[in-house]
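One structure is given below, encoded as structure tokens.
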Amino acid sequence: MPDQANTRVYIVAHKDFDAPAEPGYVPILAGAVHNHASIAVRDDTGENISAKNPQFCELTAQYWVWRNACVDCANVGFVHYRRFFYTDARKSRIVPASQFAHDLTEVDVVLPEPWILTKTIRAQFAQFHNIDDLKTVRAIVDERTPDFIPTFDALMHRHDLSCYNMFVMS
């Protein structure tokens, strides 16, 4: 099995928690600029958007990793302090980083099991959010990368959704 040293999985948290002692997993404090938890790796050093955490949640930690860390990693991923990828349905064992390293020799990305929706992603979004926001996103995609519009539209008509901003990829 490949060495997990080249695979780093960041555990995004906004408060202190008991981190699993799993090689390759690194806790990171999101929104650290306004947070005093005692997690050593913080998203408020180097190039960062930590102050935008109230609007962007765990994406501030992902941005920090992209701009400041893991330059030597073959693979990088993100989970949450209370949500992990597990090896079994009983959620008794967290997937080792070395397993992700092995899996990523065969697939491009590891995602959580998708939610199966009774309605389309677009309809689900409209039920819980302002649909004008989604229309604005589509307009921006159309303006900046019009080749992506068919994929965007196809996604909005799907009934499955991978949630939580959790993934591991090369």
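Numbers at a glance
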| quantity | calculated |
| --- | --- |
| Scope segment 1-52; condition part of a helix (DSSP H, G or I) and either among the charged types (D, E, K, R) or closer than 27 Å to A101 by Cα (or both); matching residues | Q4, A5, N6, K52 |
| Matching residues in segment 1-58 - criterion: being of a type in the set (F, W, Y), within 15 Å of the chain's Cα centre (by Cα) and open to solvent by 30 Å² or more (accessible area, probe 1.4 Å) | F56 |
| Tally, over segment 8-59, of residues that are within 24 Å of I94 (Cα to Cα) and polar (S, T, N, Q) | 1 |
| Considering residues of segment 59-109 that are open to solvent by 70 Å² or more (accessible area, probe 1.4 Å) and among the aromatic types (F, W, Y) only, the residue nearest to P23 (Cα to Cα) | Y86 |
| When residues of segment 114-158 are limited to those that are closer than 30 Å to I11 by Cβ and part of a loop (DSSP other than H, G, I, E, B), the one least open to solvent (accessible area, probe 1.4 Å) | L117 |
| Qualifying residue in segment 27-48 (condition: touching a Phe, Trp or Tyr at 6+ places or on another chain (Cβ under 8 Å), among the hydrophobic types (A, V, I, L, M, F, W, C) and under 16 Å from N165 (Cα atoms)) | yes |
| Pairs, first more than 18 Å from V79 (Cα to Cα) and of a type in the set (D, E) in segment 38-66, second at pLDDT 95 or above and crowded, with 19+ Cβ neighbours inside 10 Å, C-beta under 6 Å, six or more apart | D44/A32; D44/S50 |
| Residue list for segment 103-127, restricted to those being more than 26 Å from G77 (Cα to Cα) and polar (S, T, N, Q) | T118, T120, Q124, Q127 |
| Unique match (being under 24 Å from V110 (Cα atoms), free of Cβ contacts under 8 Å to residues at least 12 places away in the same chain and out of contact with any Cys (no Cβ under 6 Å at 6 or more places or on another chain)) among A13, A21 | A21 |
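A quick yes/no check of all residues on (1) closer than 21 Å to Q62 by Cα; (2) in contact (Cβ under 8 Å) with a residue 40 or more places away in the chain:
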position	(1), (2)
S92	no, no
P112	yes, yes
T118	no, yes
L134	no, no
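The values are calculated or read from the model by the stated rules, or taken from the named source; none is laboratory data. Predicted model, so just to flag it, every value in this text is computed and none were measured. Note: ideal-geometry Cβ built from the backbone for every residue, glycine included; neighbour counts use all protein chains shown. Side chains included, ligands, DNA and RNA excluded: accessible areas come from the protein's heavy atoms. Shrake-Rupley method; radii C 1.70, N 1.55, O 1.52, S 1.80 Å.
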